[in-house]
Amino acid sequence: MNIDKSGSKSTKIATKGSKPVAKFNFTKKALDRLVSDETRLYVYDTQVRGLALAVDPTGRKTFMLYRKVQGRPQRVKIGAFPDMSIEGARAQASGMNAIIAQGGNPAQERRSVRAEMTLAELFDTFLLLYAKERKRTWKNDEWTFNKYLHGWKLRKLSSIRRQDVIALHAHLGRSHGQYTANRVVELLSSMFNRARSDWGYDGANPAEKVRPFKERKRERFMDAHELPAFFQSLAQEQNETIRDYIYVSLLTGGRRANATSMRWDEIDWTRNEWNISAEKAKSGEPLTVVLTPVVVDILTKRRAESLKAGSPEESNEWVFPGNGKTGHLVESKTAWKRILKRAQLTDLRLHDLRRTLGSWQAATGSSLPVIGKSLGHSSLQATQIYARLNLDPVRESVMRAQQAMLLAAGATALLGNGK
């Protein structure tokens, strides 16, 4: 059991039975250093009664309130750290303590969803008690709700009828596309199903059995005729962070969320690998992405520039830094549109870069298991096959595809740098 990964002075851990117990004044620096190697670790705040932080061996950290209510211990989840600040967790814990002081049970109140609640209140419950704990894509749910269901936020659950959902689905299909319409109805249905199964809601699910639009699987990727204009336009991009991010995304096939939040400590310079933790990987399993000489050259130059800037170490953690709250690159829509406009390309999305690498791997003779291994696909059957593969054929496959793309694009300068 460790507290401080850096080896500096750590908080003393007492034990109660076989479980470690620590109580100290919560600070971000102290909580950042906490790590558990064997079993779930609980530490408690000295400022607010019952406020605890649970630290899993996987690295996940969750604020909780642990109190006895009517003689029985209750543990109520508050939110994930560091997404929720210490101040926010203390405020919520203090509110729950007030409920306990008045004879209430905050755990029961959190689990209870009533027909007179608003849709916004249901979504807050869904986000706190389910999505943030179970879904790595919970931020997508939050964005979808705020974008497409904001007009329904104050509606009581009992007022939302199946006919309303059908009408909303049709409207979104016309105005924002059939894919978006289907995802909004899926989110609504998931919220109501969770309320019925877990939180005591006894009303109907108005989104149940709403017939989705038929969706065609997207197969867009760049062919040999499009790559030259794309690479020429990308080379002209003045924003070096965006330019390098797109190069790395295309040449590794990395997922957008993983690429934008790439950290320097995820790069193994000795083995030329990018190691993505299970918490960040879509499959929920650790993922290793091979880095070919072309990509290593791009990253090496970025690292040198980052260190040359002389900024504090904590601001150097991101490969592609940004100005937002996360500290790393998040949104690049404006630059992406600019690049496509110069290249005179249409109907191309950032995710199509990943599909482009896979398509060129197939075109240059790679097997489907090798392609799946390189892109981190997660189907059970594929995973059973991938487990028997090492990274050598994957690296060869990616390099062949890269070389074919770069030659087709006329981007021989990149090839030269990567040798």
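No lab work stands behind these numbers, since they all come straight from the coordinates. These numbers come from a predicted model, not from an experiment. Because the Cβ atoms are built from the backbone with ideal geometry, glycine has one as well, and the counts that use them run over all protein chains shown.
Numbers for the structure displayed
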| quantity | calculated |
| --- | --- |
| Whichever aspartates and glutamates have a C-alpha closer than 18 Å to that of Lys68, once near sequence neighbours (fewer than 8 apart) are set aside | Asp45, Glu109 |
| Burial ordering of His225, His169, His176, fewest other beta-carbon atoms within 10 Å first | His225, His176, His169 |
| Charge-dipole axis of the stretch 227-418 as Lys and Arg at +1 and Asp and Glu at -1 on Cβ define it, positive-most pick from Ser397, Leu350, Val248 | Leu350 |
| Separation in nanometres of the label points that stand 7 Å from Cα toward Cβ, at Asp268 and Ala170 | 5.6 nm |
| Glu215/Arg134 FRET efficiency (R0 25 Å; Cβ-Cβ; nearest 0.05) | 0.55 |
| MRE, 222 nm, helices only [DSSP H, n ≥ 4, -39500 (n - 2.57), over the chain, to nearest 500] | -14000 deg cm²/dmol |
| Unsatisfied cross-links (Cα-Cα over 26 Å) in the set Lys280/Lys373; Lys282/Lys333; Lys29/Lys153; Lys23/Lys61; Lys29/Lys280; Lys139/Lys325 | Lys29/Lys153 |
| FRET efficiency estimate (nearest 0.05) - Cβ-Cβ, Phe24 to Thr346, R0 60 angstrom | 0.60 |
| Shape of the stretch 302-375, Cα gyration tensor, a/c cut at 1.5 | oblate |
| Potential extension, Asp202-Asp56 segment - 0.36 nm per residue separation minus Cα distance | 49.2 nm |
| Neighbour-limited loop hits for trypsin sites (Lys or Arg not before Pro), the stretch 175-238 (at most 11 other Cβ within 10 Å; DSSP other than H, G, I, E, B) | Lys209, Lys214, Arg216, Lys217 |
| Taking Val48, Val370 and counting other C-beta atoms within 10 Å, the order from fewest to most | Val48, Val370 |
| Cα gyration tensor shape of the stretch 119-198, rounded if a/c is under 1.5, else prolate or oblate by comparing a/b with b/c | oblate |
| Cα centroid of the stretch 249-293 to Cα centroid of the stretch 139-164, whole Å | 35 Å |
| Packing-based exposure ordering (other Cβ within 10 Å, fewest first) of Asp352, Asp265 | Asp265, Asp352 |
